[in-house]
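Enquirer: Mind having a look at this structure? Questions to follow.
The values are calculated or read from the model by the stated rules, or taken from the named source; none is laboratory data. Source: prediction; values computed, not measured. In this analysis, Cβ positions are derived from the backbone assuming ideal geometry, glycine residues included, and neighbour counts consider all displayed protein chains. SASA here: full protein model, heavy atoms, side chains in, ligands and nucleic acids out. Shrake-Rupley method; radii C 1.70, N 1.55, O 1.52, S 1.80 Å.
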Amino acid sequence: MVTNQLLFSAKLTRSTPPPKQPSERDREYLRPDEVEAMIHAARKVGRHGVRDSAIILLMFRHGLRTAELVALKWSQIDLTGGYIEVHRVKHGHDSIHPLRSPELRVLRKIKRDYPETQYVFVSERKAPLSTRTIRHIIARAGELAGISEPIHPHQLRHACGYYLASVGHDTRAIQDYLGHKNIHHTVRYTQMSPSRFETFWTD
């Protein structure tokens, strides 16, 4: 009986997930000027500067999760029409986003530099980049850009949401853009938007 109890107790211990560690960051998003600094920093380091800077640009402009970025294929991108089909994970809603000139320029260059690949972001061996590699690229860019706190990729998705809210876009439109299934995940951005209070003082 004692042996069975010990086995049962051990099984419970192994299946219990570790407690979530509270974030030590002052904020969980990046400001546009910080994102821009990271893009410039990434472009100037290593043999894959264009690719790495494009990763940051697309994650910010389209609120991409790491899993969505590494799975991105050329079949989702229309360089002529200027749009990208965003396939969301976590049961999110897929959508089609327009591509603007900065994105189109860098994507065309990547297409030339990494020809005959199915995936947009690949290694020298033409294999899709891993999520671990993306985390390293983002963290390195943040450090090189002089950002004091360690940066992780999801901060770029939050940066997208906060930026769209700060310039006054509708909450429902932001929800669709980011693929949120539940609008409560979108409201956090509009609640923090300074544009909500622009008319409170007129002097």
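Enquirer: Anything in region 64-95 that is open to solvent by 90 Å² or more (accessible area, probe 1.4 Å), at negative phi and in contact with a Lys or Arg (Cβ under 7 Å, 6 or more places away or on another chain)? List them, or say none.
Expert: Answer for region 64-95, where residues must be open to solvent by 90 Å² or more (accessible area, probe 1.4 Å), at negative phi and in contact with a Lys or Arg (Cβ under 7 Å, 6 or more places away or on another chain): HIS93, ASP94.
Enquirer: Within region 118-143, work out how many residues are touching a residue at least 24 places away in the same chain (Cβ under 8 Å) and farther than 16 Å from ASP52 by Cβ.
Expert: 1
Enquirer: Separate question: Can you find a residue in region 96-103 that is open to solvent by 20 Å² or more (accessible area, probe 1.4 Å), farther than 28 Å from ALA37 by Cβ and either out of contact with any Leu (no Cβ under 8 Å at 6 or more places or on another chain) or polar (S, T, N, Q) (or both)?
Expert: yes
Enquirer: Which pairs have Cβ atoms under 8 Å, sit 6 or more apart or on different chains, and link a residue in region 69-88 that is in contact (Cβ under 8 Å) with a residue 40 or more places away in the chain to one that is charged (D, E, K, R) and open to solvent by less than 30 Å² (accessible area, probe 1.4 Å)?
Expert: Going by the 8 Å Cβ cut-off, the qualifying pairs are VAL86/GLU68; ARG88/GLU68.
Enquirer: LYS126: over 19 Å from the mean Cα position of the chain (by Cα) and surrounded by 13 or more Cβ atoms within 10 Å (Cβ to Cβ), yes or no?
Expert: It is false that LYS126 is over 19 Å from the mean Cα position of the chain (by Cα) and surrounded by 13 or more Cβ atoms within 10 Å (Cβ to Cβ).
Enquirer: Also, I was wondering about something else. Kindly indicate whether ALA159 is in contact with a Leu (Cβ under 7 Å, 6 or more places away or on another chain) and closer than 18 Å to MET38 by Cβ.
Expert: yes
Enquirer: Another one. Among the residues of region 131-174, how many are basic (Lys, Arg) and either touching an Asp or Glu at 6+ places or on another chain (Cβ under 6 Å) or open to solvent by less than 50 Å² (accessible area, probe 1.4 Å) (or both)?
Expert: Of the residues in region 131-174, 1 are basic (Lys, Arg) and either touching an Asp or Glu at 6+ places or on another chain (Cβ under 6 Å) or open to solvent by less than 50 Å² (accessible area, probe 1.4 Å) (or both).
Enquirer: Answer yes if at least one residue in region 42-51 is buried (at least 20 other Cβ atoms within 10 Å of the Cβ), part of a loop (DSSP other than H, G, I, E, B) and either of a type outside the set (A, V, I, L, M, F, W, C) or in contact (Cβ under 8 Å) with a residue 60 or more places away in the chain (or both), and no otherwise.
Expert: Yes.
Enquirer: Still on this structure, I have one more. Would you be able to tell me the number of residues in region 104-114 that are open to solvent by 20 Å² or more (accessible area, probe 1.4 Å), more than 19 Å from CYS160 (Cβ to Cβ) and touching a residue at least 12 places away in the same chain (Cβ under 8 Å)?
Expert: 5
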